[in-house]
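A quick write-up on the structure given underneath.
The values are calculated or read from the model by the stated rules, or taken from the named source; none is laboratory data. Being a predicted model, the structure only gives us computed values, none of them experimental. Neighbour counts are summed over all protein chains in view; Cβ atoms, including those assigned to glycine, are modelled from backbone coordinates with ideal geometry.
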């Protein structure tokens, strides 16, 4: 076990390339970038420890070990009794001495120091290595896959709006900015699932809600689902129509629509996914969001159990209250567990599997 070593060991791209070409017995190479960056293109045979806030927090609190974070194929290297060299890289860091003490890479390096005899950082990160040795990388070049799965407010082919329920529409940014189209369909409430797509000028603030998320494998949509559902029902109770949209109406907004169907119609995540996809075949929530829908399904089941224990009849949840009733929807309790890494989530058309990782709900 080695303690902190200063200055930090470094390895240049040429040296790592030589070690990789040397065959078995080389260093353990760890990619500390996001899951989506790793999946797009990474150093040959490297393993990913995703730089999410959740992983950082759990490392800091000692709630997860390096062995648990590394893929099973590499765990034997962590547990080996013989000395093991490690090379860590991010996207472009050249000098570890300038890293903030509370940065993900600094925390990861300190934890690795406690497990391995030699831990070095790759000078220039993946950006330098991939430009010098593209043949020693695997996956799709980063130029072919943007950092965010949907870049905000870029032109995207639109399939038009889709009516999911009498009061609920699913669409794109282009649809929402079309005042004539919105008026024609009687839509006066807008739920915008994006960080930067603009609010339509003709929609008043009281009828607009923004869920500030990007379409990637690190965003947490789960904490926003109850607030989103309440906003949709606010429109319904006002006898108005509401549209949920993101850039293209494919991933973020589709996830919210599926969650709404799950809660208000008592459907499973599978059935709600099919319900929405039957009406808008273009939907394709990313694996991260699909996993969070399964976590949401578990929360709904827990809520049903709690209501049953309190004397509330169990079974399929009733539809939302009518305008006359005016009763607010129940708030969900916080999720009781954190899910596995979102990259292990899998989905088939018409089906979902695995879970996401919710943080504390936003205020």
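Scanning segment 110-143 for residues that are surrounded by 21 or more Cβ atoms within 10 Å (Cβ to Cβ) and either without any contact (Cβ under 8 Å) to a residue 40 or more places away in the chain or farther than 19 Å from residue 19 by Cβ (or both) yields a single hit, 125. Total residues in segment 8-22 satisfying the condition of being surrounded by 17 or more Cβ atoms within 10 Å (Cβ to Cβ) and part of a helix (DSSP H, G or I): the figure is 4. Just so you know, in segment 253-270 the residues that are out of contact with any helix residue (DSSP H, G or I) (no Cβ under 8 Å at 6 or more places or on another chain) and either assigned to a helix (DSSP H, G or I) or outside the structural domain of residue 301 (by TED's automatic domain parsing) (or both) include one that is farthest from residue 286 (Cα to Cα), and it is 270. Among the conditions (1) at pLDDT below 85; (2) in contact with a strand residue (DSSP E or B) (Cβ under 7 Å, 6 or more places away or on another chain); (3) farther than 20 Å from residue 10 by Cβ, the only one that residue 48 does not satisfy is (1).
Quick grid of which residues meet (1) modelled with pLDDT under 95; (2) touching a strand residue (DSSP E or B) at 6+ places or on another chain (Cβ under 9 Å):
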{"site": "133", "(1), (2)": "yes, yes"}
{"site": "137", "(1), (2)": "yes, yes"}
{"site": "191", "(1), (2)": "no, yes"}
{"site": "194", "(1), (2)": "yes, yes"}
{"site": "199", "(1), (2)": "yes, yes"}
{"site": "209", "(1), (2)": "no, yes"}
{"site": "213", "(1), (2)": "yes, no"}
{"site": "216", "(1), (2)": "yes, no"}
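Consider segment 59-69 and keep the residues that are at pLDDT 85 or above and assigned to a helix (DSSP H, G or I). The one that is surrounded by the fewest Cβ atoms within 10 Å (Cβ to Cβ) is 60. With a requirement of 2 or more residues that are over 21 Å from residue 279 (Cβ atoms) and in contact (Cβ under 8 Å) with a residue 60 or more places away in the chain, the helices (runs of 4 or more DSSP H) lying completely within segment 159-252 that satisfy it span 225-237.
Is one or more of the residues making up segment 77-87 in contact with a helix residue (DSSP H, G or I) (Cβ under 7 Å, 6 or more places away or on another chain), under 17 Å from residue 34 (Cα atoms), at pLDDT below 85 and surrounded by 15 or more Cβ atoms within 10 Å (Cβ to Cβ)? No, every residue in segment 77-87 fails to be in contact with a helix residue (DSSP H, G or I) (Cβ under 7 Å, 6 or more places away or on another chain), under 17 Å from residue 34 (Cα atoms), at pLDDT below 85 and surrounded by 15 or more Cβ atoms within 10 Å (Cβ to Cβ).
If only residues of segment 277-291 that are assigned to a loop (DSSP other than H, G, I, E, B) and touching a helix residue (DSSP H, G or I) at 6+ places or on another chain (Cβ under 9 Å) are counted, the one that is farthest from residue 159 (Cα to Cα) is 286. Residues in segment 276-291 that are more than 19 Å from the chain's Cα centre (by Cα) and touching a residue at least 60 places away in the same chain (Cβ under 8 Å): 276, 277, 279, 280, 282.
Of all residues in segment 26-44, those that are more than 17 Å from residue 133 (Cβ to Cβ), modelled with pLDDT of 90 or more and not in a loop (DSSP other than H, G, I, E, B) total 2.
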